[in-house]
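What follows is a short report on a single structure.
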Amino acid sequence: MRPTSFFLNPQRLADRSLRARLRRALQAPFVWVGLLCGFLNIDYAYVHGDQTRVRIGRNCSTMNTLFNVISGTITVGDHTIFTHNCMVLTGTHEFVCGRRASLHKPPLQETPTEGRDIRIGSGCFIGSGTVILGNVTIGNNVIIGAGSVVSKSIPGGCFAAGVPARVICKLPDGPNA
């Protein structure tokens, strides 16, 4: 595992007191040892690409989530939970006549740098092993079933699952519904 500055979900560190930040910094070496020993149930995320292209809201959990921002930006609303081993991928590769664009004569750009943004609303729950492919929007208060592949936009307030993910049912509007 190579070191990364996107360690222990630093987007959430902005709201912590100085004491909490110091405690987190002292715990960091022990967390790295745990990760190297194979304990993957530590809340951390990895960003492939420019870290400024990821915007994570307040009180989010990104348990072992991979964010690929090579071809766009990722925006996550407040109170959204990613469970184990999710992948949020903006990256894609271009093909010309069935061949990778970089193998074309003359070589063409294979990986676009923008246009495949992913927007995830507030209050969402993303099940384990879910893959979210760019260019999609997931509305507020959506539950995505484990192992789903989200390749199209999903409206708010529903449960979606499957490969590819599709809306299974609309969720009730509140706790007393």
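The values are calculated or read from the model by the stated rules, or taken from the named source; none is laboratory data. Just so it is clear, the structure is predicted and the values come from calculations on it, not from any experiment. Neighbour counts run over all protein chains shown; Cβ positions are idealised from the backbone, glycine included.
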Exercise for review: Considering each of Ile168, Ile81, Ile132, Ile154 in turn, give the residue that is at pLDDT 95 or above and either of a type in the set (Phe, Trp, Tyr) or closer than 18 Å to Ala45 by Cβ (or both).
Suggested key: Ile132
Exercise for review: Collect the residues in region 84-99 that are more than 10 Å from the chain's Cα centre (by Cα) and modelled with pLDDT of 85 or more, keeping them in residue-number order.
Suggested key: His84
Check your understanding: So Gly145 fits all but one of (1) at pLDDT 85 or above; (2) of a type outside the set (S, T, N, Q); (3) more than 18 Å from Arg58 (Cα to Cα); (4) under 14 Å from the mean Cα position of the chain (by Cα); what number is the exception?
Key -> (4)
Check your understanding: Within region 110-126, can one find any residue that is more than 18 Å from the chain's Cα centre (by Cα) and not hydroxyl-bearing (Ser, Thr, Tyr)?
Key -> yes
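If you check Thr4 against the conditions, is it out of contact with any His (no Cβ under 8 Å at 6 or more places or on another chain) and at pLDDT 75 or above?
No, not satisfied.
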Practice item. Among residues belonging to region 56-71 that are among the aliphatic types (A, V, I, L, M) and part of a strand (DSSP E or B), point out the one that is surrounded by the fewest Cβ atoms within 10 Å (Cβ to Cβ). Key: Leu66
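How about region 155-166: which of its residues are surrounded by 15 or more Cβ atoms within 10 Å (Cβ to Cβ) and not in a loop (DSSP other than H, G, I, E, B)?
Across region 155-166, the qualifying residues are Cys158, Phe159, Ala160, Ala161.
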Check your understanding: in contact with a Lys or Arg (Cβ under 7 Å, 6 or more places away or on another chain) and either free of Cβ contacts under 8 Å to residues at least 24 places away in the same chain or not small (Gly, Ala, Ser) (or both), is that true of Val136?
Key -> yes
Study note, to complete from the structure: Of (1) in contact with a Gly (Cβ under 7 Å, 6 or more places away or on another chain); (2) touching a residue at least 40 places away in the same chain (Cβ under 8 Å), Asn141 fails just (2)
